[in-house]
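The values are calculated or read from the model by the stated rules, or taken from the named source; none is laboratory data. Predicted model, so just to flag it, every value in this text is computed and none were measured. All Cβ positions, even for glycine, are placed from backbone atoms using ideal geometry, and neighbour counts span all protein chains on display.
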Amino acid sequence: MIDLRGKTALVTGAASAGGLGFAAARLMARQGASLFLTDLDADAVAARAEDLRREGHQASAMAQDVTDEAGWAAVIEAVVGAYGRLDILVNNAGIAVLRPMSAMTKADWDRQISVNLDSVYLGTKAGVDQMRRQGGGGSIVNMSSVAGLVGVEGTAAYAASKGGVRLFSKSVALETAKENIRVNTVHPGMIWTDMQKVAIADNKEVFDQITAAVPMGRMGEPEDIGAMVAFLASDDAKYITGAEFTVDGGMVA
Ligand code: NAD
């Protein structure tokens, strides 16, 4: 059984009760970790921390725009102020600009790369710096996507950002392996969260097409991703770094 007692975890993009960030945070809290949650909306993310405290866990929250470098320093300072250290960082915040390449503006492209890829660089750098100040050791989990592994029509910018997350993470893992700072990526398939609800809207036909493309014939649940994140965060995964894990019902098998 995964044991995260005594560990502190920072999860970005954790404001949505039905999102992947909060699911991962809740599973890690249930295994004993102290949680620090961030997202754009201060009230929403504070409400999620309150949800965890109501379940008896240690949890704090703060507003953060993950594209803001100075903001990362402030968040790390707040985590260390609250719990004394940072053991686990989950770079989960992300957006999906789903548009065919020819319909995409440069502004669409820049926003997609900034929120999904620049943020992972800024967060990983800030997290590694803090883990080094503590003498090394730690786990960083960066949220990619199956779209970071294979091409998906209409997702060029999103796929480029998530493919970037994948190879950025592998490269940093090599730089930090000797310090026992592990860096891995998780590649969700189709998981029913706000991101999918917005993309699919109420279009049953699109929903049916998507689920038909999943060998297991259904979308995944946020906890399916959370369980993988909690495992990678734990010492059970102590010999795993620079690796990628698809959780996708067989989509890219
Ligand atoms: P979601 O929209 O529910 O959650 C994403 C969160 O990121 C939101 O709460 C949003 O406010 C936050 N966010 C966006 N921009 C931000 C910024 N600049 N600073 C801070 N926070 C910001 O979506 P989700 O499905 O839970 O997605 C979580 C992650 O998983 C994303 O990186 C997404 O790309 C990835 N992913 C999701 C799926 C899926 O099927 N749901 C599939 C593959 C990958």
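The residues of the stretch 218-253 that are of a type in the set (S, T, Y) and closer than 16 Å to G32 by Cα amount to a single one, S234. In summary, D202 fulfils each of the numbered conditions (1) more than 25 Å from F22 (Cβ to Cβ); (2) at pLDDT below 95 with the single exception of condition (1). Exactly one residue among A96, A78 is within 30 Å of G154 (Cβ to Cβ), out of contact with any Cys (no Cβ under 8 Å at 6 or more places or on another chain) and within 15 Å of the ligand (Cβ to nearest atom), and that residue is A96. Looking at A61, A73, A78, just one residue is more than 15 Å from A126 (Cβ to Cβ), modelled with pLDDT of 95 or more and outside any loop (DSSP other than H, G, I, E, B), and that residue is A61. Please list, ordered by residue number, the helices (runs of 4 or more DSSP H) wholly in the stretch 147-253 having 1 or more residues that are of a type in the set (K, R). Filter on the stretch 147-253 gives 156-176, 194-200, 204-212. Among the residues of the stretch 1-16, those that are within 16 Å of the ligand (Cβ to nearest atom) and either crowded, with 24+ Cβ neighbours inside 10 Å or under 14 Å from I88 (Cβ atoms) (or both) comprise A9, L10, V11, T12, G13, A14, A15. In this entry, G32 is excluded by the filter for residues that are in contact with an Asp or Glu (Cβ under 9 Å, 6 or more places away or on another chain), at pLDDT 95 or above and under 20 Å from E221 (Cβ atoms). For the stretch 113-126, the criterion of being charged (D, E, K, R) and within 30 Å of M251 (Cα to Cα) is met by at least one residue. Scanning the stretch 179-209 for residues being charged (D, E, K, R), surrounded by fewer than 22 Cβ atoms within 10 Å (Cβ to Cβ) and closer than 27 Å to K125 by Cβ gives a total of 1. Taken together, the residues in the stretch 17-48 that are under 21 Å from L232 (Cβ atoms) and either away from the ligand (no atom under 12 Å from the Cβ) or among the small types (G, A, S) (or both) amount to 16.
Within the stretch 85-119, being of a type in the set (A, V, I, L, M, F, W, C) and either closer than 28 Å to D236 by Cβ or assigned to a helix (DSSP H, G or I) (or both) holds for L86, I88, L89, V90, A93, M101, A103, A107, W109, I113, V115, L117.
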